[in-house]
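Reading through the structure tokens given below for one structure.
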């Protein structure tokens, strides 16, 4: 099993840290131009728990920073994202900057400007057709996103397709996305689903029982790994190894994870605003 490149330097990938937190992020806006059915940022915004703009996390020995964990950063505009990235690079010159985006506004022009600052760009994509994309995001932007992914693949920024596995909704799609990533020479960052609105997700076809199966997620990941460079969260791997060490691999068949989630909150202190 291989952890996602994004997880490199994250405390959750280190078995020696008892209470890990996510590596630093710079939050720009909790707002988004999409309305994805599983989005935690949307939930946090509606319940008044979304983070304020600013830098969250430690400032010593910083190895990687993400822009941003909540919302769509490019809604602030290319100039603003570039300004923040430049200032962060000046403050932490040896740090890897990761851009997390839905990719709709990640135009070729934006990519050309971001190449100076970002080493990695994670683009959210969970389904492989225009119709399904519009259905789960509320926006008919699949073709725009495909053009932007192709532009990203031609750049010096490492492209990552960040995919949430939703059993019953995108079972076949994840395999087609792995093939797409292979053609674009990109990594797939496969993540298990956290469910904030069970009724809504099940109305779209989610199989909750399969969603909570650890074995299901592992087996799908292993099949996808035969297609291309597919990786999973480092913290998931760490916890899986603990289970295997204490109880054996077969025990994975008998346990489930709790996929139901409450309102997400950042567990890191806000240190400054640029």
Relative contact order of the range 158-212, pairs being alpha-carbon contacts under 8 Å that are 6 or more residues apart, as % = 48 percent
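Express the relative contact order of the range 97-225 as a whole percentage, based on alpha carbon pairs under 8 Å and six or more residues apart in sequence. Walk me through the numbers before you get to the answer.
Working: 177 pairs, mean separation 29.5, N = 129.
Once divided by the residue count of the range 97-225, the mean separation gives 23 percent.
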Please identify which residues in the range 238-274 have an amide N closer than 19 Å to a label point set 7 Å out from the Cα of residue 47, following the Cα→Cβ vector.
-> 258-268
Among 225, 129, 16, residue whose mean-square fluctuation peaks in a GNM of the chain (springs only between Cα atoms under 10 Å) = 16
Ellipticity estimate at 222 nm from DSSP helix runs (n ≥ 4, -39,500 (n - 2.57)) divided over the chain, nearest 500 = -10000 deg cm²/dmol
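Working out 0.36 nm times the residue gap between residue 200 and residue 116, then minus their Cα-Cα distance, what length gain in nm do you get to one decimal?
26.2 nm
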For the range 135-274: rounded, prolate or oblate by the Cα gyration tensor [a/c cutoff 1.5] = rounded
Sequence-separation-based contact order of the chain, relative, with Cα cut under 8 Å and 6+ spacing, percent = 23 percent
Taking a ≥ b ≥ c as the square roots of the eigenvalues of the Cα gyration tensor of the range 1-130, is the shape rounded (a/c under 1.5), prolate (a/b larger than b/c) or oblate?
-> rounded
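In the chain, what % of DSSP beta bridges are antiparallel (nearest 5)?
Numbers: 6 of 30 bridges.
Once the DSSP bridges in the chain are tallied, antiparallel ones form about 20 percent.
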Measure off 7 Å from each Cα along the Cα-to-Cβ vector at residue 129 and residue 14, then give the distance between these two points in nanometres to one decimal.
-> 4.6 nm
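Every read-out reported here was derived from the displayed coordinates using simple, explicitly stated rules and does not represent laboratory data. Everything quoted here is computed from the prediction, not taken from an experiment. Every residue, glycine among them, receives a Cβ derived from its backbone with ideal geometry; neighbour counts consider all protein chains shown.
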